[in-house]
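Only the coordinates and a few stated rules stand behind these numbers; no lab work does. If you're wondering where the values come from, they're calculated on a predicted model, not measured in any experiment. Every residue, glycine as well, gets a Cβ built from its backbone with ideal geometry; the counts of neighbours run over all protein chains shown.
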There are 2 protein chains.
Amino acid sequence: MPHEFDTQTEVSRNADGSYAAELWPGWLVGGGLNGGYLLAVIGNALRRRLPDKPDPLVVSAYYLSASTPGPATVAIDVRREGGSVATASVDLHQGDDVRITALATYGDLATLGDDVLTTAEEPELPPVEDCVPNSMAPPEVRAIAPLMDRFDMRFHPDQVGWTVGAPSGKGVLSAWFRLVDGREPDPISLLMVVDALPPVTFDLGMPGWAPTLELTAHVRARPAPGWLKVRHATRNMAGGMFEEDCEVWDSAGRLVAQSRQLARQPRAVVAR
Amino acid sequence: MPHEFDTQTEVSRNADGSYAAELWPGWLVGGGLNGGYLLAVIGNALRRRLPDKPDPLVVSAYYLSASTPGPATVAIDVRREGGSVATASVDLHQGDDVRITALATYGDLATLGDDVLTTAEEPELPPVEDCVPNSMAPPEVRAIAPLMDRFDMRFHPDQVGWTVGAPSGKGVLSAWFRLVDGREPDPISLLMVVDALPPVTFDLGMPGWAPTLELTAHVRARPAPGWLKVRHATRNMAGGMFEEDCEVWDSAGRLVAQSRQLARQPRAVVAR
């Protein structure tokens, strides 16, 4: 039985060398499809194009227009291939509209050294069963975010005040994370995971849609099976924009992915 | 009297719409020209191409090969222009060799809101006169890094153990920073400043050259005149690579730029 993440991010090669994808409505959030989902679609196309360098090491995506469910094309231009990495420029477009333009460097995570000198600290989360599941999210949130049904997320109980109109104001959200059908994480799914949680602005009392201008993700290791820990934080909300940092830790306690995005602050503050 | 930063990063428009630059040897470090310097050259070309959107908001650069002093060409393809921002793809090449391929979104920092809710903490640095000037750097460092002569840097005295074979091991470097000829900071120079300090790996006992795979910089405000505070840190050194985060704070105490790069660990550990 294939997992929905795999069937809904798969690509097939077109005669002209580009890749065809079908974007699924289950990944809608606010005005468009989730940016992390689109990054995973791009990630799959790059993996097909670079079979001996199967893993994203770093991907930078610039979001030009909102994607909609339906057919899409991923066009890849390999800019440099040689040695242990390859770098490509990539467009995801729907008809004449470019949705995302991106750059990516791919390699093989299995060939990297096994040194780990991480000084970042793993997010402290209570046991899964003591956290707050996304199935308890308020109906108005679920209505604008069908993608939440793709995930089993368990939020830190100290960071869900925004669901009852009492955000902590700290600019931090963290949660246990797995795909709802048990599909285990891999480097491609990590590209989605870094953009899966609600925007950290929810914890700052700004529950609206926060459009991403740019997102860069580093994938640093193949994740171990099991629950991931995901942490979003912002430290520089100014001038109508904010940066959002994301860390993803695997069940073996390794920091497997880091991302940072630049996003616009939500314009509408929902009345509470 | 023009400042060297301006004359050495200036570009002129070619007949085909690309921009010509002359890369100066004073920005050499290790095996090539400093990546931040090259980013400023690219930044100037983009500013010329997008006159009503003069400021970089975010730039992501992928370094494909080492640049050398001499002529270079910056080719720009504007991918989307409309509303308050424009996004372009950019190549810096020398002859047939692409040195950098980049994506950038430009806008006008002067038009952004004046809200500042930054929770990041300004680096704690002793007064300028109590810090350690780069003019005291050991000769072997200055020999491989002519670019240090472009800068007046004053390092935190607790973070210069690497200069005497006693790195702190914390993975943090911070310094006061200004251009040596007094040229004041602006959004374009910030693109250089985020890559100006020695690699943070110096503070981890790895004093070699740390080649950047990718660097993304967010410029968040026009900096006030005067000294900048610059802080480099890494928290995830693993698998032969590390991320390096940089923050730049202006003299008014504002976090004006943030960057993150993915770099390879230095291969050679210098004997001490």
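Some points to look at:
- Fraction of beta bridges assigned by DSSP in the protein assembly as shown that are antiparallel (%, nearest 5): 100
- Shielding by other protein chains, B:114-120, mean Cβ within 10 Å: 6
- In region A:1-62, Cα pairs under 8 Å separated by at least six residues give a relative contact order of 25 percent.
- For A:Glu121, label point 7 Å along C-beta direction: distances to other copies, nm: 1.2
- Relative contact order %, region B:49-140, counting alpha carbon pairs below 8 Å whose residues are six or more apart: 30
- Taking amide H as placed 1.01 Å from N in the peptide plane, the amide H of B:Val58 sits under 5 Å from that of B:Thr105, B:Val219, each at least 5 places away or on another chain.
- Label spacing, shortest first and in nm, from B:Glu4 to its equivalents in the remaining copies (7 angstrom along Cα→Cβ): 6.0
- Cα gyration tensor category, rounded, prolate or oblate, for region A:137-180 with a/c compared to 1.5: oblate
- Three-way shape call for region A:1-149 based on the alpha-carbon gyration tensor, with the a/c threshold at 1.5: oblate
- Over chain B, relative contact order from alpha-carbon pairs under 8 Å, at least 6 apart, %: 17
- Pairs of Lys residues in the protein assembly as shown, spaced 8 or more positions apart or belonging to different chains, with C-alpha separations under 25 angstrom: 4 in total.
- Sorted on the mean count of surrounding Cβ atoms within 10 Å across their residues, most packed first, peptides B:67-74, A:16-23 read B:67-74, A:16-23.
- From its DSSP helices (H runs of at least four residues, each -39,500 (n - 2.57)), chain B gives a residue-normalised ellipticity at 222 nm of -3500 deg cm²/dmol.
- Only Lys, Arg, Asp and Glu carry charge here, each on its Cβ (+1 for the first two, -1 for the last two); on that basis chain A has a dipole of about 460 debye about its Cα centre.
- Helix A:35-49 axis versus longest C-alpha principal axis of chain A: approximately 20°, rounded to the nearest ten.
- Phi angles of region A:62-68 translate, via the Karplus equation with coefficients 6.51, -1.76, 1.60 and θ = phi - 60°, into HN-Hα couplings of 10, 8, 9, 7, 6, 7, 10 Hz per residue; Gly and Pro are given as x.
- Positive-end extreme of charge dipole, region A:1-106 - chosen from A:Trp24, A:Thr9, A:Ala102 (charges on Cβ): A:Ala102
- Spin-label pair B:Ser84-A:Ala110: with each label point 7 Å from Cα along the Cα-Cβ axis, the two points sit 4.8 nm from one another.
- Model label points for B:Ala20 and B:Asp130, set 7 angstrom from Cα along the Cα-to-Cβ axis, are 5.2 nm apart.
- Think of the protein assembly as shown as having a plus end and a minus end, set by charges on the Cβ of Lys, Arg, Asp and Glu; of A:Thr216, A:Met206, A:Cys246, A:Thr216 sits farthest toward the positive end of this dipole.
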